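Derivation of every value follows stated rules applied to the coordinates shown; laboratory data play no part. Note that this is a predicted model, so its numbers are computed, not measured. Positions of Cβ are backbone-derived with ideal geometry, glycine not excepted, and every protein chain shown enters the neighbour counts.
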């Protein structure tokens with residue numbers, strides 16, 4: 001297969017315009033065909049500012065492109081991603097893939113049935129400051145022994161004046177677990193084995209504190225919120241083991257630069273006919289962890305940890 005060239009953006013919000021659209025418009029190897037969303041007039045306005053044209057519907061855009069990028073709420077993203085994949089369009093996704101396992105599994109199945117490439121844009125894993133650090137830390141584990149534990153805190157400040165996501169209904173409803181949780185998991189699961197069991201408790205406002213049991217005995221903990229008070233936002237991660245203790249660095253690149261790298265990865269996967277490691281199945285497994293945390297939080301205090309659902313037979 002050839003690398004996809006004609007890209008369209010499903011979504012007309014802040015991230016669709018300032019990240020997806022801007023990165024595609026500046027990318028020398030692709031053409032930004034345009035945007036589609038709930039409001040065709042808004043799609044035309046965004047296209048007028050960024051490039052391409054506005055489409056009257058998602059289906060019209062899907063039919064006009066080789067690949068779609070999706071910047072929509074996860075419960076909207078999943079069915080559109082499945083539709084696009086079954087239509088033979090490559091899909092560049094955002095985190096989280098979906099808000100339930102059935103929808104996530106449907107995307108994985110559609111990608112397989114459509115024979116297309118898929119990739120989830122996990123912001124931190126497309127920034128060289130982070131990926132170089134991860135490579136160094138993995139090398140230390142190879143030399144000294146596997147990492148034994150990790151701690152991560154991801155705190156957003158959605159209530160801060162001018163926050164572009166302040167009106168995001170799905171973020172308000174699902175909180176930091178679903179919005180910041182995938183960021184934390186994307187880093188920790190680069191260094192620790194898959195999650196087998198979880199337990200969790202609630203904190204102030206939307207805060208959730210999660211304990212993860214990993215295959216082989218390692219453990220990690222996440223502190224997640226979208227509503228940190230002023231001055232209390234930010235993120236960090238620390239991993240430890242025989243190779244010492246190491247802190248995740250800040251990255252200095254832009255989201256647009258990272259997204260352009262994701263576009264390149266998707267195109268390479270499509271041209272080579274090989275699934276990328278960060279494909280829809282990878283994104284599905286992150287959803288499985290978040291679903292398990294929600295299930296645990298819904299149980300009476302004191303009940304046992306919740307097992308993470310494994311992929312269905314033949315599901316990838």
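Residue 87 to residue 295: FRET efficiency via 1/(1 + (r/R0)^6), r the Cβ-Cβ distance, R0 41 Å, to the nearest 0.05? Intermediate results must be reported in sequence, preceding the final value.
Working: r = 33 Å, r/R0 = 0.81.
Efficiency, rounded to the nearest 0.05: 0.80.
For a bin width of 10 Å, list the pair-distance distribution of the stretch 41-113 built from all Cα-Cα distances, rounded to whole %.
In order of increasing distance, the bins hold 21, 49, 25, 5 percent.
Mind listing P(r) for the stretch 169-275? All alpha-carbon pairs, 10 Å bins, whole percents.
Here the calculated profile for the stretch 169-275 is 12, 33, 34, 19, 2.
What number, in percent, do you get for the relative contact order of the chain if the mean sequence gap of Cα pairs under 8 Å and at least 6 apart is divided by its residue count? All intermediate terms of the calculation are to be shown ahead of the outcome.
Numbers: 669 pairs, mean separation 65.7, N = 316.
This gives 21 percent for the chain.
Using the basic label-point model (7 angstrom from Cα toward the beta carbon), what is the residue 159 to residue 142 distance in nanometres?
If labels sit at residue 159 and residue 142, their model points lie 4.6 nm apart.
Could you check how many percent of all C-alpha pairs in the chain are farther apart than 30 Å? Each step should come with its number before you reach the end.
Details: 16318 of 49770 pairs.
Within the chain, distances greater than 30 Å cover 33 percent of Cα pairs.
Nearest 5 percent is fine: what portion of the DSSP beta bridges confined to the stretch 128-251 is antiparallel?
Details: 25 of 32 bridges.
Within the stretch 128-251, antiparallel bridges account for around 80 percent of the total.
Relative contact order (percent) for the stretch 1-110, with alpha-carbon contacts under 8 angstrom and 6 or more residues of separation? All intermediate terms of the calculation are to be shown ahead of the outcome.
Values: 214 pairs, mean separation 27.5, N = 110.
Rounded, it is 25 percent for the stretch 1-110.
Compute the FRET efficiency between residue 173 and residue 6 as 1/(1 + (r/R0)^6), taking r as their Cβ-Cβ distance and R0 = 35 Å, and round to the nearest 0.05. Could the numbers behind the result be given before it?
Details: r = 34 Å, r/R0 = 0.98.
Approximately 0.50, to the nearest 0.05.
Work out how much length residue 277 to residue 211 would gain on full extension: take 0.36 nm times their residue separation and subtract the Cα-Cα distance, in nm to one decimal. Write down the numbers at each step before the final one.
Details: separation 66, 0.36 × 66 = 23.76 nm, distance 2.49 nm.
So the extension gain works out to 21.3 nm.
By how many degrees, 0 to 90 and rounded to 10, does the Cα axis of helix 128-144 deviate from the longest principal axis of the chain?
With rounding to tens, the tilt is 40 degrees.
Please give the helix 255-272 orientation as an angle from the longest Cα principal axis of the chain, in degrees from 0 to 90, rounded to the nearest 10.
80 degrees
Can you give the helix-only mean residue ellipticity at 222 nm for the chain, where every DSSP H stretch with n ≥ 4 adds -39500 (n - 2.57) and the sum goes over all residues, rounded to the nearest 500 deg cm²/dmol? Before the final figure, lay out each step's value.
Values: 10 runs with 123 residues, N = 316.
Theoretical 222 nm ellipticity from helices: -12000 deg cm²/dmol.
Using the Kirkwood radius over Cα pairs, work out the Stokes-Einstein diffusion coefficient for the stretch 219-306 at 37 °C and 0.692 mPa s, in µm²/s as a whole number. All intermediate terms of the calculation are to be shown ahead of the outcome.
Values: Rh = 17.2 Å.
My calculation gives 190 µm²/s for D.
GNM, the chain, Cα, under 10 Å: largest mean-square fluctuation among 210, 116, 30?
Maximum fluctuation in the GNM of the chain, among the listed residues, is at 30.
Given the chain, what percent of its DSSP beta bridges are antiparallel, to the nearest 5?
Working: 27 of 52 bridges.
So the antiparallel bridges in the chain amount to around 50 percent.
Arrange the peptides 36-48, 229-241 so that the one whose residues have, on average, the most other Cβ atoms within 10 Å appears first.
On the way: 36-48: 18.3, 229-241: 15.2.
Ranking the peptides 36-48, 229-241 by packing returns 36-48, 229-241.
Picking from 273, 11, 149, which is most flexible by a Gaussian network model of the chain using Cα springs under 10 Å?
Ranking 273, 11, 149 by mean-square fluctuation puts 273 first.
Taking square-rooted eigenvalues a ≥ b ≥ c of the alpha carbon gyration tensor, is the stretch 71-168 rounded, prolate or oblate, where a/c under 1.5 means rounded and, failing that, a/b exceeding b/c means prolate? Write down the numbers at each step before the final one.
Working: a/c = 2.35, a/b = 1.29, b/c = 1.82.
It is oblate, given that a/c is not under 1.5 and a/b is not larger than b/c.
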